[in-house]
Amino acid sequence: MVQNLDRIDHGRFRCANNWSRPSCSLLEDQCGSYAAVTGSFVSGSNYSFTFGAGAVASDVVSYYIVAQDLAGTPNVSAFPSTGGAGFTATPPAASTPPTTPSTYSIQTLLAAGTYSIPGDYATLMAAVPDYNTKCLGGAIVFELTSGYSSASETYPITVNANGGASATNTLTIRPATGQTPTISGSLANGALIKLNGADFVTINGSNSGGTDRSLTITNTATTAPCGVWISSLGNGAGALNNTVSNCSVNTNGATIATAYGIAVSGLTIHSSR
């Protein structure tokens, strides 16, 4: 068994194992045949595999590693192993690739900067999927400008966990300088904006960098409405380092017992985790 694949980047793979001269086979976007490269020794038990850079954004890259031991008649196996067959040695190879290889996706970059809504995106709902699915190039700001209207939004606006989020790669949603936007809609048993296990997200309603409350969030539903929901996906599963500040959050038309302005909970609004 080949173990401890410790780094994956398109064009280069590193693996750490206890066997000699492993090979790595790569297939780009499920097209054509696997291309195999024998590992180059780096140091200790580390090997490097270098491929061409033909993959483009949204491609799914499949790969598997074949290695052999140092026995007189080498034992050869693949990782992942299911479905792999026809093993040969020196260099280690499989004539039949595993049926469930490892995979990773080539993602595009969401560059650091301030994005206007409308402008760069028509709505907040249109902007958030880019944050959810792209690599983060730094701090991201979605700024509600003078032409913003929540009438075009679709709810809930769900910010998912992004693996690149950090104290540096933050997301901020805020009004543009001098603007007083309103995010308004009707969504029963849910929130207009949901931080779904997301980390390092700030919703700051100030339009001046101060303490003014220039962003209004109103859920007009009459059955268990919520304005903003910060939802953890479980123990150790996100919704950390988030801030909602300088906002007026309303649940018009609902009774106090069933309405939540800002909810911090688990997989359901009523749960603790």
Can you tell me how many residues in segment 132-152 are free of Cβ contacts under 8 Å to residues at least 60 places away in the same chain and buried (at least 20 other Cβ atoms within 10 Å of the Cβ)?
-> 6
Would you check which residues across segment 55-85 are under 15 Å from residue 27 (Cβ atoms) and loosely packed, with under 12 Cβ neighbours inside 10 Å and list them?
-> 56
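Yes/no per residue for (1) closer than 30 Å to residue 81 by Cβ; (2) touching a His at 6+ places or on another chain (Cβ under 9 Å); (3) β-branched (Val, Ile, Thr):
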| residue | (1), (2), (3) |
| --- | --- |
| 100 | yes, no, yes |
| 128 | no, no, yes |
| 132 | no, no, no |
| 138 | no, no, no |
| 147 | no, no, no |
| 163 | yes, no, no |
| 176 | no, no, no |
Sole exception among (1) under 26 Å from residue 216 (Cβ atoms); (2) modelled with pLDDT under 95; (3) aromatic (Phe, Trp, Tyr) for residue 155, by number = (2)
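Residues are listed down the side, and each one gets a yes or a no for (1) at positive phi; (2) modelled with pLDDT of 95 or more; (3) within 27 Å of the chain's Cα centre (by Cα):
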residue: 186; (1), (2), (3): no, yes, no
residue: 198; (1), (2), (3): no, yes, yes
residue: 215; (1), (2), (3): no, yes, yes
residue: 256; (1), (2), (3): no, no, no
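The values are calculated or read from the model by the stated rules, or taken from the named source; none is laboratory data. Owing to the predicted nature of the structure, the values given are computational and were not obtained by experimental measurement. Methodologically, a virtual Cβ is constructed for each residue, glycine included, from the backbone with ideal geometry; neighbour enumeration extends over all protein chains shown.
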